[in-house]
Amino acid sequence: MSAIFKHIDLKLVEPAFDSKLTSLILELDHLRKKKLGGSTHPLIFFQLKNIYHLLESIGSARIEGNRTTLSEYIESIIENKISKDEKKIEINNMTEAHNFIDENILDSKIDRKFVSEIHKMVVKNLSVSGEGSINPGCYRKKDVTITRSEHKPPNTILVTDYMDKLFSFFNHNDVTQYDLLKTAIAHHRFAWVHPFDNGNGRTARLLTYAMLVKQGFNVKAGRIINPTAIFCVNRDDYYEKLSIADNGQESSMLIWCEYVLTGLKKEIDNIDRLLDYKFLSKNILLPTVKLSLENKMITPNESKILNLAINKRVIQAGEIKELFPKKLSPEISRMIGRLKKKKMLLTEKKNSRKYILSFDNNYLLRGVIEMLDKHGFISSL
């Protein structure tokens, strides 16, 4: 059976008062407004945020068929290699787009200009025959089909009108309890319209991230979110739920919304455990240093210093001197200098003599990823 286009209205759906979806909306609204606390140092937490952006970029690319493994990409980060491999460029583009959203979303409106900028980043330096675009940032100029879907996106002459209505739908000032429903519906609608010639899935997932941050799940306030984890846990389930919503029936859209918000709630609950530094240090950071020592990525003396940094959270040269009472101060300075050169220690503040663990762009990253995976923080990639 060939795919056909069928118009469906863009509108909010209202779940039953006693439904699971209503409970999810209330719980997520509470989490959005809840003041974040926790004992994890902000510099440690934001390194974890960078890792989650990386995981989201890889996950989103893999949904589209990119077969780059997590370990392969981590090695390219550690070695700081500029890759000409299109699959890795695709992931780099996603990370750049995440950073763009973090830096601009709170002062920007989600509109055609903003989405066009995201799309340009998504397809940058990618071939048209691969994951690139004929007209980066511009709506498609010809009709398209969606693989594995019975839905045919609207004719090209209708795209601008459908997208304008989508932006109006999201930006309309409704009661805030509808925000998360609007985010889920907008994700489906974007995929349904398929406004670009390529890169629609990647752009839709980045748009979902932007909408969540805009609505208060603000990473600058300390919240990590990785909405792609919702979709890449089971790629087939993701496409199935999108297809169910394509028929436009209210019951089908409610199924889609429940799928999205259930995944978001699980992801936030999981990630917020990392705010507990006792958990983080015991289960993630200390085992990472141990693993790095066993793999001879660091020396025994470096291991002692890094363990001290983890246990005390912030350290000074005098405390390191206490670890090695027979060493002179110049030797201690050289040890600190070597760890800073390896990017395993960073200064807590500019011109500070206080140091904190660093792990998001060096050999420790391998261990952190392995431990996060071991404790269920990483969806199957």
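The values are calculated or read from the model by the stated rules, or taken from the named source; none is laboratory data. These numbers were taken from a predicted model, which means no experiment stands behind them. Positions of Cβ are generated from backbone atoms using ideal geometry, with glycine treated the same way; all protein chains shown enter the neighbour counts.
Among the residues of the range 46-57, is there at least one that is touching a Lys or Arg at 6+ places or on another chain (Cβ under 7 Å) and either buried (at least 16 other Cβ atoms within 10 Å of the Cβ) or in a helix (DSSP H, G or I) (or both)?
No: the range 46-57 contains no residue that is touching a Lys or Arg at 6+ places or on another chain (Cβ under 7 Å) and either buried (at least 16 other Cβ atoms within 10 Å of the Cβ) or in a helix (DSSP H, G or I) (or both).
When you check THR95 against the structure, is it touching a residue at least 60 places away in the same chain (Cβ under 8 Å), surrounded by fewer than 21 Cβ atoms within 10 Å (Cβ to Cβ) and under 21 Å from the mean Cα position of the chain (by Cα), yes or no?
no
I need the full set of residues from the range 105-120 which are part of a helix (DSSP H, G or I) and touching a helix residue (DSSP H, G or I) at 6+ places or on another chain (Cβ under 8 Å), in order please.
ILE105, LEU106, ARG112, PHE114, VAL115, GLU117, ILE118, HIS119, listed by residue number.
Which of the residues spanning the range 267-314 are assigned to a helix (DSSP H, G or I), touching a Ser or Thr at 6+ places or on another chain (Cβ under 7 Å) and of a type in the set (A, V, I, L, M, F, W, C)?
LEU274, LEU275, LEU280, VAL289, LEU293, ILE310, listed by residue number.
Go over the candidates SER281, SER292 one by one and state the one that is over 22 Å from LYS354 (Cβ atoms), buried (at least 19 other Cβ atoms within 10 Å of the Cβ), in the same structural domain as LEU365 (by TED's automatic domain parsing) and of a type outside the set (A, V, I, L, M).
It is SER292.
Restricting attention to the range 348-364, which residues are assigned to a loop (DSSP other than H, G, I, E, B) and of a type in the set (Val, Ile, Thr)?
Residues satisfying the conditions do not exist here.
For the range 102-123, give me each residue that is surrounded by 16 or more Cβ atoms within 10 Å (Cβ to Cβ) and modelled with pLDDT under 90.
ASP102, ILE105
Before we move on, is ILE146 at pLDDT 95 or above and either in the same structural domain as VAL193 (by TED's automatic domain parsing) or under 27 Å from SER251 (Cβ atoms) (or both)?
Spelling it out, it is not the case that ILE146 is at pLDDT 95 or above and either in the same structural domain as VAL193 (by TED's automatic domain parsing) or under 27 Å from SER251 (Cβ atoms) (or both).
Give me the pairs, please: first residue somewhere in the range 280-291 and touching a residue at least 12 places away in the same chain (Cβ under 8 Å), second residue anywhere and outside any helix (DSSP H, G or I) and surrounded by fewer than 18 Cβ atoms within 10 Å (Cβ to Cβ), beta-carbon distance under 8 Å, and either six or more positions apart or on two chains.
Correct list of pairs: ASN283/HIS375; ILE284/HIS375.
Does the range 248-256 include one or more residues that are buried (at least 21 other Cβ atoms within 10 Å of the Cβ), in contact with a Ser or Thr (Cβ under 6 Å, 6 or more places away or on another chain) and modelled with pLDDT of 90 or more?
No, the range 248-256 has no match at all.
Looking only at the range 20-45, filter to residues that are under 30 Å from LEU364 (Cβ atoms) and part of a loop (DSSP other than H, G, I, E, B); which one of those is modelled with the lowest pLDDT?
Taking the candidates together, the pick is LEU36.
Out of LYS278, LYS265, LYS282, I need the residue that is under 20 Å from the mean Cα position of the chain (by Cα) and of a type in the set (Lys, Arg). Which one?
LYS265
Give just the number: which of (1) more than 30 Å from ILE4 (Cβ to Cβ); (2) out of contact with any Pro (no Cβ under 7 Å at 6 or more places or on another chain) does THR147 not satisfy?
(1)
How many residues does the range 315-330 hold that are in a loop (DSSP other than H, G, I, E, B) and not aliphatic (A, V, I, L, M)?
Adding up the residues that qualify gives 4.
Can you name every residue in the range 212-246 that is at pLDDT 90 or above, surrounded by fewer than 24 Cβ atoms within 10 Å (Cβ to Cβ) and not β-branched (Val, Ile, Thr)?
Within the range 212-246, GLU240, LYS241, LEU242, SER243, ASP246 meet the criteria.
Take the residues of the range 1-32 that are within 17 Å of ALA184 (Cα to Cα) and of a type in the set (Lys, Arg): which is surrounded by the most Cβ atoms within 10 Å (Cβ to Cβ)?
Among them, the one singled out is ARG32.
With the checklist (1) at pLDDT 90 or above; (2) surrounded by 13 or more Cβ atoms within 10 Å (Cβ to Cβ); (3) in a loop (DSSP other than H, G, I, E, B); (4) of a type outside the set (A, V, I, L, M, F, W, C) in hand, flag the one item LYS141 doesn't pass.
Condition not satisfied by LYS141: (2).
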